[in-house]
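The values are calculated or read from the model by the stated rules, or taken from the named source; none is laboratory data. These numbers come from a predicted model, not from an experiment. For neighbour counting, all protein chains shown are included, and Cβ atoms are generated from backbone atoms with ideal geometry for every residue, glycine included.
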Amino acid sequence: MAGRYGMTFAAKFIEQGKYAEAVEEATRAFERDEDDPAPLVERATAYAWLEQYSAAVNDFEAALALDGSAGVLEIDVVDDAYFSALLGAAKIEARTSLDSAVLTLARYRRVLPGGRHLADAELWPARLRSASGAP
């Protein structure tokens, strides 16, 4: 639902740093219109701010899949946010499993085969290995 000046309530909560409230509002907005990927992007953004990267990644991927038919998202913006969430998830996973972290980063190529961060997705596994001291 739109708030002041066309900004959704979820976006307003994000702007105010009220990320848990943004998750709730974006969830309600998506339940009202499950064909609109925008609330999923807003919820993913709030999850990322809460450092719940796996949830953010799942929502970004669902939003991108929905946008195949809706065509309403600014793909470059979503691309950047999606890669950032993937990287956040991979860094957390790398603490316990480098293999899992590498698989998480590999999702980028599958979801956005023409994405702007393909080179980054290829470089980060080596960076994670180096940071962990693994060969």
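The table for this structure:
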quantity: Pick from region 107-128, criterion surrounded by 14 or more Cβ atoms within 10 Å (Cβ to Cβ), free of Cβ contacts under 8 Å to residues at least 40 places away in the same chain and basic (Lys, Arg), ranking: farthest from ALA65 (Cα to Cα); calculated: ARG127
quantity: Selection status of ALA63, closer than 17 Å to ALA22 by Cβ and of a type in the set (A, V, I, L, M); calculated: yes
quantity: Set PHE30, PHE83, PHE60: member being buried (at least 20 other Cβ atoms within 10 Å of the Cβ), within 28 Å of ALA134 (Cα to Cα), out of contact with any strand residue (DSSP E or B) (no Cβ under 7 Å at 6 or more places or on another chain) and in contact (Cβ under 8 Å) with a residue 12 or more places away in the chain; calculated: PHE83
quantity: Filter pass, ALA22 being crowded, with 23+ Cβ neighbours inside 10 Å, closer than 30 Å to ALA131 by Cβ and touching a residue at least 24 places away in the same chain (Cβ under 8 Å); calculated: no
quantity: Single residue of region 19-65 satisfying the filter (part of a helix (DSSP H, G or I) and out of contact with any helix residue (DSSP H, G or I) (no Cβ under 7 Å at 6 or more places or on another chain)) that is nearest to ILE92 (Cα to Cα); calculated: ASN58
quantity: Residue that is at pLDDT 95 or above, among the β-branched types (Val, Ile, Thr) and within 26 Å of PRO39 (Cα to Cα), where the choices are VAL102, VAL111; calculated: VAL111
quantity: Looking only at region 92-106, and only at residues there that are crowded, with 17+ Cβ neighbours inside 10 Å and out of contact with any Asp or Glu (no Cβ under 7 Å at 6 or more places or on another chain), the one that is nearest to TRP49 (Cα to Cα); calculated: GLU93
quantity: Leading residue by the ranking (farthest from the chain's Cα centre (by Cα)) among those in region 68-116 that are in a loop (DSSP other than H, G, I, E, B) and of a type in the set (A, V, I, L, M, F, W, C); calculated: VAL72
